[in-house]
Amino acid sequence: MLVRRCFSPEHMIGRSSYVMTGALLTLGALGLTATTVGAQTRATPVVASAATTPPALTGAARWADSVRVVAERAHLAGDTLAMANAYRLAQRALTAFPDDALLLHYQGYIRYRQAQRIADFETALPVFEDAVELLERSAAVKPFAETHALLASATGSMIGESMLRGIRFGMRASAAEDRAVDLGANNPRVLLLRAVSAWYKPAAFGGGEEKARELLQQALRAFANDAPARPLPAWGHAEAYAWLGQMEAKAGKRDAARAAYDRALALAPGYAWVQYVLKPSLERAR
């Protein structure tokens, strides 16, 4: 698994307004407002003008969409503090809507992304376990294809190099992947995570680089027509090009890798993993 380098909020966010002063969290740049009540700060989703957007979301869907936006911007920026804030935002929303499938999904997604950034396996393991628990709760309420795809990836990530964990978690990861395919065989996020899994899985076990490339190309074709309604999951398009770049680089196709990274940055300007890790690594490999 590739682990992304951490960056400070000031370095990564720049124009955004993640600022913590005492209890005050300013989230204006992320489509939220913050109001202070006593010693507590409450973040409230901002609803844009109906003249330029679809009808406003309400209730749990409104909160889920705000968590989705905050979490994805934090993920792309490589901002660990902002991701922690997104987790807390989801936790506050879940106090009002404790069994909402999408809020649980996004909190599990946040934990999954946080675990991916931890280099030490033993430290990352309990975070992956949290992700799995939240995603399982989400799937029990409403089974989204992306939820099961994330479950498969998070469960597989808990195996590490242990044969015993492989026996314990391998079949569970495969079952979750099968369920994801049943729910959304052409879902681009399902295809993306299957491609990443295949990249690290031996060909003898259904993986391999050729299989990974095939699945990733399917994902990219599916992303071209992907337009999920808010607050449904919409992550992954730029990430798919980041993985394409790595596959091209591994094959010695430097120009194709660079083009894939540039496409990722066009879709998600400031994508930290690509801008500060993958592209510089490609240039250093000359």
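What follows draws every value from the coordinates through simple rules; no lab data is involved. Worth saying up front: this structure is predicted, and the values here are computed from it rather than measured. Backbone-built Cβ (ideal geometry, glycine too); neighbour counts: all protein chains shown.
A few points about this structure:
- Diffusion constant of segment 188-271 at 37 °C, which comes from Stokes-Einstein with the Kirkwood Cα-pair radius and 0.692 mPa s, µm²/s: 252 µm²/s
- Summarising the label geometry, the points placed 7 Å from Cα in the beta-carbon direction at Ser281 and Arg172 lie 2.8 nm from one another.
- Qualifying lysines (Cα of each under 25 Å from Cα of Lys211; at least 8 residues distant if same chain): Lys201, Lys250, Lys253, Lys279
- The order of the peptides 149-160, 169-180 by mean Cβ neighbours within 10 Å, most packed first, is 149-160, 169-180.
- Principal axis dimensions, largest first and in whole angstrom, of segment 44-146 by Cα: 49, 31, 24
- Seen from all directions on average, segment 104-254 presents a Cα convex hull projection of 9.1 nm².
- A viscosity of 1.306 mPa s and a temperature of 10 °C, combined with the Kirkwood radius over Cα pairs in Stokes-Einstein, give a translational diffusion coefficient for segment 87-149 of 136 µm²/s.
- Restricting the calculation to Cα atoms, segment 137-201 shows an Rg/Rh of 0.98 when the hydrodynamic-style radius is the Kirkwood one.
- Where labels lie 7 Å past Cα in the beta-carbon direction, separation of Leu125 and Arg221 in nm: 4.1 nm
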